[in-house]
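The values are calculated or read from the model by the stated rules, or taken from the named source; none is laboratory data. The model shown is predicted, which means the values in this text are computed figures rather than measured ones. With ideal geometry, Cβ positions are generated from the backbone for all residues, glycine too; neighbour counts draw on all protein chains shown. Each accessible area value is taken on the protein alone, full model and side chains, heavy atoms only, with ligands, DNA and RNA left out. Shrake-Rupley method; radii C 1.70, N 1.55, O 1.52, S 1.80 Å.
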Amino acid sequence: MLKTWLKAAIILALSVSSIFGLTSANAQSTYQISTVKDVTPTPYYVANYKKTLYAWDKTHTKRITVLNQLPGVSWYATQKVTIIHGHQTTTYLHIASEYGLDYGYVPAKDMRKGFDPTDDEKPAYHPTTSTTGSQIPVKRVSEKAFSKVIPSLTKNTYYQTTKKLTVKMPFSVYISGTINEPITLPVGTVVAGNRSRTEMTIASSYLSQNLLKAGYQQNLWTDNGDSYTPNPMAFKAIPRPAYLPKNGSHGDLYLGGVNALRNQYNALSKQSIQLTTNGYVEVHQNNPQDRAIAYTAQPTTSVKIKRTQIKGHTRYLYLAKNLNGFKTTKVRYHGTTQYRLAFVNQQKTYSITFENDDDFVEPSYYGLMSFGGKTFYTPYGTIPNDN
């Protein structure tokens, strides 16, 4: 079992966000709440699991949960809400888990009162109270010690498409549930993944927004899971792209240094960066009180990396346009490599170890980077259990 303070931190990380503080929708909602009635928390369950059923945020612009993908779960209705859309008036239930965590609004006609007949637990309603999360103990790792760890870290593998193909990619709703959308990968697209004789797995969350727009247009988030294609021979293995960091980093950077690393379960970084496998710098502006899924929302900025030059521990990324908010140097007045941004490995490594009552858990490693004049941390990963 994890330590009590860690459990509290994780619960906080899951519940600290209010569903209703989500990023604004692309267009103003035409759904308006007319009446709200608080009710004694009462158990309800999904009436028909064969039908796709979403729970929404109160503006009906964000899918919060795909309820039919969670069979055997009982929910608690805490409010009855009347929502007007055009000339139609519909009664919704505001539902929560037994811990009081918000799961959104769902049409009352699609729910049945009582516990789900297949719910063996039938949990009582006992909401938890959010408290300030604990800081995570962080330990500095010397360069010598980390050099011994590097060979055992999980190795990322990269592939490039040899032909144009369409892949079903998973996208997430805000809390729970996935929706698959067809995504077209042009010839030469670089992906992170793993290939076997029969299939190819692709880490879709590391691709750029121009490829993932089908999901973003529906106000979805890229899923941290993998997508699968039964066409492994359409990919060829390639070395790690030069613009991506070493040591297991997936190019995901989170604003802040050691203090931000200690408090990563308490709040999201206000700014994060994804260096995509197919060569883009993508910047995310985050609500610190949101859920971690917000890190894979549609980025606010996406700029193509045209060239990479490595000198020592510095990667110089050459961009076709200036990256606002970051220090760049104008090195040319024409062409696609006019702006240069310095991406520096500070050679500062830290580890976090979560204790287990039964045995030792290998630490997770992180490194500090300077990106365009700002300090970020990036996860390096852990040592696989089979090492």
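Structure values in brief
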| item | result |
| --- | --- |
| Given (1) open to solvent by less than 60 Å² (accessible area, probe 1.4 Å); (2) in contact with a Pro (Cβ under 8 Å, 6 or more places away or on another chain); (3) outside the structural domain of residue 317 (by the TED database), number of the condition residue 185 does not satisfy | (2) |
| Test: residue in region 225-239 that is closer than 30 Å to residue 96 by Cα and either assigned to a loop (DSSP other than H, G, I, E, B) or in the same structural domain as residue 317 (by the TED database) (or both) | yes |
| Flag if residue 291 is basic (Lys, Arg) and closer than 21 Å to residue 157 by Cα | no |
| Single condition residue 134 does not satisfy, out of (1) in contact (Cβ under 8 Å) with a residue 24 or more places away in the chain; (2) not in a loop (DSSP other than H, G, I, E, B) | (2) |
| Total residues in region 256-278, condition among the charged types (D, E, K, R) and in a loop (DSSP other than H, G, I, E, B) | 1 |
| Hey, residue 309 touching a helix residue (DSSP H, G or I) at 6+ places or on another chain (Cβ under 9 Å) and within 26 Å of residue 188 (Cβ to Cβ) or not | no |
| Residues of region 210-224 satisfying the condition of being modelled with pLDDT of 95 or more and either surrounded by 17 or more Cβ atoms within 10 Å (Cβ to Cβ) or assigned to a loop (DSSP other than H, G, I, E, B) (or both) | 211, 212 |
| Filtered residue count, region 279-307, keeping only those that are in a helix (DSSP H, G or I) and either of a type in the set (D, E, K, R) or open to solvent by 40 Å² or more (accessible area, probe 1.4 Å) (or both) | 2 |
| Options 207, 165; residue that is surrounded by fewer than 20 Cβ atoms within 10 Å (Cβ to Cβ) and touching a residue at least 12 places away in the same chain (Cβ under 8 Å) | 165 |
| Set 78, 91, 82: member being at pLDDT 95 or above, out of contact with any Phe, Trp or Tyr (no Cβ under 7 Å at 6 or more places or on another chain), assigned to a strand (DSSP E or B) and open to solvent by less than 30 Å² (accessible area, probe 1.4 Å) | 78 |
| Within region 267-303, tally of residues that are closer than 17 Å to residue 204 by Cα and among the polar types (S, T, N, Q) | 7 |
| Residue that is farthest from residue 146 (Cα to Cα), among those in region 235-246 that are crowded, with 19+ Cβ neighbours inside 10 Å and not hydrophobic (A, V, I, L, M, F, W, C) | 243 |
| Hey, residue 276 at pLDDT 95 or above, under 17 Å from the mean Cα position of the chain (by Cα) and surrounded by fewer than 18 Cβ atoms within 10 Å (Cβ to Cβ) or not | no |
| Residue match in region 314-326 (condition: at pLDDT below 95, more than 24 Å from residue 270 (Cα to Cα) and exposed (fewer than 15 other Cβ atoms within 10 Å of the Cβ)) | yes |
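Every residue, every condition in (1) at pLDDT 95 or above; (2) over 28 Å from residue 205 (Cα atoms); (3) of a type in the set (D, E, K, R); (4) in a loop (DSSP other than H, G, I, E, B), yes or no:
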position: 120; (1), (2), (3), (4): no, yes, yes, yes
position: 125; (1), (2), (3), (4): yes, yes, no, yes
position: 148; (1), (2), (3), (4): no, yes, yes, no
position: 151; (1), (2), (3), (4): no, no, no, no
